[in-house]
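See structure below.
Each reported figure results from applying straightforward, stated rules to the coordinates on display, with no laboratory input. All figures in this text were calculated on a predicted structure; none of them were measured in a lab. Cβ sites come from the backbone with ideal geometry, for glycine too, and all protein chains shown count toward neighbours.
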């Protein structure tokens, strides 16, 4: 196995954990909302606050680090459109997801743990899940750009 | 975009959902189990099933 193949394996695996996990979290978000039980939304908020920081964030860092190694090892040009679009998309999603959504999700989960679930907090979690949905669309668009590599 | 690229995109996307989703369910299950609340584990089981 070459070092390029190793970076590619780690890059794809980390992207799977991050994007696949986020899509599954969306499904759980829809199910929690449909249940009409604020307690379920509370549990989801707590879970996503934890998973966001300890699973998604490390995965996002591995994705960008191994992506950089792939560019270097594979003799790709840093000016390739798919590299620039990938890095831009990554930066936008990471800033919004870990700078806002995950933090707020953790706060909502902590409030629910302290005050108990309420329709207001359930609605807050619902809004954050909706923002996360937009970020997933951006992530899937990045996957598309990585696969198709327009301009190469 | 060629058919091959389209199929590759679909292939990668569904693999991402399958593998990443499975792993996420494991994390949720561990947290539900650690909470000591049988109702939470039951709800999760219901959602996964």
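Brief remarks follow.
- In plain terms, the residue of B:46, A:80 with the fewest other Cβ atoms within 10 Å comes first and the most crowded comes last, giving B:46, A:80.
- Two-site FRET efficiency, residue A:27 against residue A:57, from Cβ-Cβ distance with R₀ of 22 Å, rounded to 0.05: 0.60
- With respect to chain B, whose longest principal axis is taken over its alpha-carbon atoms, helix B:3-35 is tilted by about 10°.
- Per the Debye formula on identical point scatterers at the alpha carbon atoms of chain A, with no solvent, log10 I(q)/I(0) at q = 0.13 Å⁻¹ is -0.61.
- Taking the fewest neighbouring Cβ atoms within 10 Å as the starting point, the ordered list for A:77, B:37 is A:77, B:37.
- A simple spin-label model places the labels of residue B:2 and residue A:123 5.3 nm from each other, with each point 7 Å out along Cα-to-Cβ.
- If you plug the beta carbon distance of residue A:110 and residue A:134 into 1/(1 + (r/R0)^6) with R0 = 35 Å, you get a FRET efficiency near 0.90.
- C-alpha center-to-center spacing [region B:7-49, region A:100-152] in angstrom: 16
- Using alpha-carbon coordinates, inclination of helix B:38-48 to the longest axis of chain B, degrees: 20
- Label positions at residue A:4 and residue A:75, each projected 7 Å from the Cα along the C-beta direction, are separated by 0.8 nm.
- Mean partner shielding of peptide A:99-112, defined as the number of other chain Cβ atoms within 10 Å of each residue Cβ, is 0.
- Over all distinct Cα-Cα pairs of region A:47-94, the Kirkwood formula returns a hydrodynamic radius of 11.7 Å.
- Contact order relative to length of region A:1-126, as percent, for alpha carbon pairs under 8 angstrom and 6 or more apart: 41
- Between 0 and 90°, nearest 10: helix A:81-96 axis offset from chain A longest Cα axis: 20
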